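J.: If you scroll down you'll find the structure; I have some questions about it.
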Amino acid sequence: MKKVERINTIMRYINNRSHFTISEIMREFNVSRSTAIRDIREIESMGMPLVAEVGRDGGYFVMQNSVLPVVRFTDNEVKALFVAFMATRNQQLPYLKSRQSLAEKLLGLISENQQDDLVHLNEILLFEGTNPNNPDLLELSDLPQPMLERLIQLLLVDQHLMITIDEAKGKKEYPIYLLHLYREKSYWLIEGFDLKEGKKKIFHVDQLIDVKPYQKKKELSKKKIHEKLIGQEEVNNLVLELGPTAIAQFKKYHPFKISISYTDPFQSTAILKTFINVHYSHELEEITNWLLFLGRDIKVIEMPKEVLESLQERISIFCP
């Protein structure tokens, strides 16, 4: 019997009894004592409310002899979960090491027919970043940044953090309130409010070398931080009108902070308004590349001269 099947069978066995012992599990399922104990611990971690009794004849019983409601998935829900799981397999996502155990538990919840469908899907579906000769192969670039999981664990407790960034001039610490952690063009980015300088900044997680809770008592409340951010909102300096082709390109990729507003019921035209920090060379280069990606189907209503000059310079390279 496979492990997943055994775990599920043990759970049903346990829930139908008011009391059980490790010896009973060993005898019933023909497993060693260490395997029985390991299975019981895994069942506890899945949420079954087991209570241990102390003593020579001690064992376990299920609190109120009940467990959480059985989770059942429809065929389409199972396929949706599996396809989403496959689509993110070769990406720099946190908790990558938990994927195998998660897959085993999901397979243990579904029928044999559903499992056969998933095996077939696994044979015919390939996603971006997948090695067609070995779909299960993970490239080194697929592994998440080592600090990413620690960052997430800390921000779930408190968004006030002290981060250390490896910059060109050396290491530098920033006390921040983390606003967003997001992924853009295969890079993880931190959008944080710098508590020392009192303004919003973007940091690359790839440059993160340490993160810890911010211990100082000068922490600002979330409300005060958002009030400061509202007061610092920049005036839009890039305004474009997008046609259907440009809208299609926008949907393929757009920077995290940029959105559009449709101007007709058929969503064939739209207005884009945003602020570009032209003094930040990296942002200027990124927006230039992206505007070229949108193509010809745009009408410029307002644009900083630095962006226009950058576009003209880039175009002159290809059309001297």
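The values are calculated or read from the model by the stated rules, or taken from the named source; none is laboratory data. The model shown is predicted, which means the values in this text are computed figures rather than measured ones. A quick note on method: Cβ atoms are made from the backbone with ideal geometry, for glycine too, and the neighbour counts reach across all protein chains shown.
J.: Kindly list, by first and then second residue, each pair from a residue in the stretch 73-94 that is part of a loop (DSSP other than H, G, I, E, B) to a residue that is hydrophobic (A, V, I, L, M, F, W, C), limited to pairs with Cβ atoms under 6 Å and residues at least 6 apart or on different chains.
T.: Short answer, once both residue conditions are applied: Pro94/Leu148; Pro94/Ile152.
J.: Is there a residue in the stretch 267-277 that is in a strand (DSSP E or B) and among the aromatic types (Phe, Trp, Tyr)?
T.: No.
J.: State which residue is nearest to Trp290 (Cα to Cα) when the search covers only the stretch 152-194 and only residues that are surrounded by 18 or more Cβ atoms within 10 Å (Cβ to Cβ) and among the aromatic types (Phe, Trp, Tyr).
T.: Residue satisfying both the conditions and the ranking: Trp188.
J.: For residues that are within 13 Å of Lys3 (Cα to Cα), assigned to a helix (DSSP H, G or I) and among the hydrophobic types (A, V, I, L, M, F, W, C), tally how many sit in the stretch 23-38.
T.: Of the residues in that region, 2 qualify.
J.: Mind checking whether some residue in the stretch 248-257 is out of contact with any strand residue (DSSP E or B) (no Cβ under 9 Å at 6 or more places or on another chain) and more than 30 Å from Glu149 (Cβ to Cβ)?
T.: Within the stretch 248-257, one or more residues are out of contact with any strand residue (DSSP E or B) (no Cβ under 9 Å at 6 or more places or on another chain) and more than 30 Å from Glu149 (Cβ to Cβ).
J.: Go through the stretch 167-187 and give me each residue that's part of a strand (DSSP E or B), out of contact with any strand residue (DSSP E or B) (no Cβ under 7 Å at 6 or more places or on another chain) and under 25 Å from Ile258 (Cα atoms).
T.: Arg183, Glu184
J.: Output the residues belonging to the stretch 264-292 that are surrounded by fewer than 16 Cβ atoms within 10 Å (Cβ to Cβ), of a type outside the set (Ser, Thr, Tyr) and touching a helix residue (DSSP H, G or I) at 6+ places or on another chain (Cβ under 6 Å).
T.: Of everything in the stretch 264-292, just one residue is surrounded by fewer than 16 Cβ atoms within 10 Å (Cβ to Cβ), of a type outside the set (Ser, Thr, Tyr) and touching a helix residue (DSSP H, G or I) at 6+ places or on another chain (Cβ under 6 Å), namely Asn277.
J.: Criterion first (under 15 Å from the mean Cα position of the chain (by Cα) and charged (D, E, K, R)) does Glu184 satisfy it?
T.: yes
J.: Now a separate question. So how many residues does the stretch 10-62 have that are out of contact with any His (no Cβ under 8 Å at 6 or more places or on another chain), surrounded by 14 or more Cβ atoms within 10 Å (Cβ to Cβ) and of a type in the set (Ser, Thr, Tyr)?
T.: Count: 3.
J.: Right, another one. Does the stretch 174-181 contain any residue that is in contact with a Phe, Trp or Tyr (Cβ under 7 Å, 6 or more places away or on another chain) and modelled with pLDDT under 90?
T.: No, every residue in the stretch 174-181 fails to be in contact with a Phe, Trp or Tyr (Cβ under 7 Å, 6 or more places away or on another chain) and modelled with pLDDT under 90.
J.: Additional query: Name the residues in the stretch 63-80 that are at pLDDT 75 or above and either within 29 Å of His19 (Cα to Cα) or exposed (fewer than 15 other Cβ atoms within 10 Å of the Cβ) (or both), would you?
T.: Listed by number, the residues that qualify are Thr74, Asp75, Asn76, Glu77, Ala80.
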